[in-house]
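Q: Please find one structure pasted underneath; my questions will follow.
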Amino acid sequence: LEKACADANLPFPSLDEPFSHASEAFRANPAAEEATKVIAAAAHQLMVMVLPPSAALYNLISGQFKTAALRVCLEASVTEILREGGPQGMHVKDIAAKANIDSEELGGLLCSLFFCRCFLLKTTASTYLATHHVYKEVLPDVFANNRVSSMLDTGKAVHEIHASPENKHENTPGFAAIAGHHLDEVFKSSTYLWENMSDPTTANSLEANETPLNRAFNLTGTFWTLLGQPDQAYRQRRFGIGMKGVAALEPADAILKAFDWNSLPKDSVVVDVGGGVGASSLTLAKNVPDIRIVVQDLPAVIGEGTIPVCVKIDPSHTKLTMPFKFWFKQMPDALASGQVTLQDTMSKRVLTWYHEAHDFFTPQPIKNASVFLLKQIMHDWSDPYAVKILTQLRQAAQPDTKLILIDSVMPFACHDPSADDGKGIPGAVPKEAPNPLLANYGVANELSYIADLTMLVLFNSQERTVKHLSEMLHSTGWRLTKVIRDHAAGSFLQPVEAVPII
Ligand SMILES: C[S@@+](CC[C@H](N)C(=O)[O-])C[C@H]1O[C@@H](n2cnc3c(N)ncnc32)[C@H](O)[C@@H]1O
């Protein structure tokens, strides 16, 4: 890893320094990226090998304490407080005073759960043993941010957050928002997994409204109906902004490498199905100006079509829905120039780029699409529903329409002898880690499994293997033609390409 970084003249970032996108540049070097995965997988495997099994197990058993403590720090804006405190760190009493939390409670959380307990080993220059490497204890009871904790930074001033906590995530990069969603809805739902699985009425359910989430939130609808409720506006906005944070987890160019967008003729239509606020479309709009993009999502996200055609849009308009605000902030020139136009869905104007309220379980209105893009959509739905979505798209597809699904394609932890069956399809067979590591690179690949379990507790759904995807596509009239792995450094998503079976 050191050699790969030195060869590329890119420094390896210190754990003590806050995260920045520039500090991740070394990962674009495939040798460096591979080395990090092998090192992480090996380090974790070694840790489990050498710890007493009871300690290794309790590391997992007590996982909820890490989650709970992280939630306290996220909600209390400890990272922002520490940023303002500076690199010398801040005493827990001062952190608590700024966060309005009892300092003994906070100190207990910081010290005993996951703040670094650093011990300078006398035999080596400055080697630290730490617990979970989130924040750093610079002196007893004095803490500072490090690379990991800085990921929770909204970038906002503490007084701004306190003045308007409901807007904490507005206009932020979104990582803290997606972390907040996981520490809240996903965490609470996961505690009901066994109750849901052991109750005969829900044990085998594939319904998105019979999930652990339904038990946790005493909910009859789905996660999407929960977010659509008027009193859930904060969670709705946090989730939308959080999806930008997921995009930010990926290298900025990941969506550009998911498909050869430049192969599309001028004015080709790309439909971002379930595109949310348009996080992927924004990158496409900026980099592939000759295509036409339609972002489709539910009315709760897109708006009901009550907003006038927005050629001259007033950013202070109180009725502006999230996509309007999003495009205004991210790419105002595109609106001014007309490259991007946010459409009143009642309007029949032919526009170059627009958002459209559309339910993907109903017939797809766009019949001339060159690409249907579904990023992190399939995994939200169990097979019967995923099949319905794919069927609607197949019925609207032209013979040369491409279908791009972007989710995690699940590997096995061991060698998969049947993977050889997929050899005809580029990328179908995953690269395996070298022996004696787990074939799937162990914890280095953990985000895929986190995504998989998140889908289970929120939707009774899942991430899928190549075989599973291939069969599901085939049953709906699509043929899997390509799996793109390692298209972007550090990505936990693997785009899949399919074409209509003619
Ligand atoms: C996990 S998010 C992915 C958003 C976007 N593709 C991205 O990657 O940023 C799933 C999206 O599906 C949308 N959605 C859920 N049910 C839908 C439906 N029946 N029709 C259209 N969109 C739907 C949600 O509102 C949400 O924006």
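The values are calculated or read from the model by the stated rules, or taken from the named source; none is laboratory data. For clarity, every value in this text was computed on a predicted model and none was experimentally measured. All Cβ positions, even for glycine, are placed from backbone atoms using ideal geometry, and neighbour counts span all protein chains on display. Surface areas here come from the heavy atoms of the whole protein model, side chains and all, with no ligands, DNA or RNA. Shrake-Rupley method; radii C 1.70, N 1.55, O 1.52, S 1.80 Å.
Q: Which residues, taken from the stretch 414-463, are assigned to a loop (DSSP other than H, G, I, E, B) and closer than 26 Å to residue 192 by Cα?
A: Within the stretch 414-463, 460, 461, 462, 463 meet the criteria.
Q: So which residues in the stretch 132-162 are more than 23 Å from the chain's Cα centre (by Cα), over 16 Å from residue 75 (Cβ atoms) and not acidic (Asp, Glu)?
A: Matches in the stretch 132-162: 136, 138, 139, 140, 142, 143, 144, 157, 159.
Q: If you scan the stretch 15-48, which residues turn out to be closer than 22 Å to residue 82 by Cα, open to solvent by less than 70 Å² (accessible area, probe 1.4 Å) and in contact with a Ser or Thr (Cβ under 8 Å, 6 or more places away or on another chain)?
A: Matches in the stretch 15-48: 19 only.
Q: If you go through the stretch 147-168 one residue at a time, do you hit one that is modelled with pLDDT of 85 or more, open to solvent by less than 10 Å² (accessible area, probe 1.4 Å) and among the acidic types (Asp, Glu)?
A: Taking every residue of the stretch 147-168 in turn, none turns out to be modelled with pLDDT of 85 or more, open to solvent by less than 10 Å² (accessible area, probe 1.4 Å) and among the acidic types (Asp, Glu).
Q: Open to solvent by less than 20 Å² (accessible area, probe 1.4 Å), over 26 Å from residue 297 (Cα atoms) and hydrophobic (A, V, I, L, M, F, W, C), is that true of residue 241?
A: No, not satisfied.
Q: Okay, moving on. Please count how many residues of the stretch 194-233 are among the small types (Gly, Ala, Ser), within 16 Å of the ligand (Cβ to nearest atom) and assigned to a helix (DSSP H, G or I).
A: Here the count works out to 2.
Q: Take the residues in the stretch 354-369 that are within 15 Å of residue 281 (Cα to Cα) and open to solvent by 20 Å² or more (accessible area, probe 1.4 Å); name whichever of them is nearest to the ligand (Cβ to nearest atom).
A: Checking each candidate, the answer is 356.
Q: Follow-up question, since we're still on this one. What is the one condition in (1) in contact with a strand residue (DSSP E or B) (Cβ under 8 Å, 6 or more places away or on another chain); (2) aliphatic (A, V, I, L, M); (3) open to solvent by 20 Å² or more (accessible area, probe 1.4 Å) that residue 387 does not satisfy?
A: All conditions are met except number (1).
Q: Report, by residue number, each residue of the stretch 169-201 that is open to solvent by less than 50 Å² (accessible area, probe 1.4 Å), within 26 Å of residue 88 (Cβ to Cβ) and not small (Gly, Ala, Ser).
A: 172
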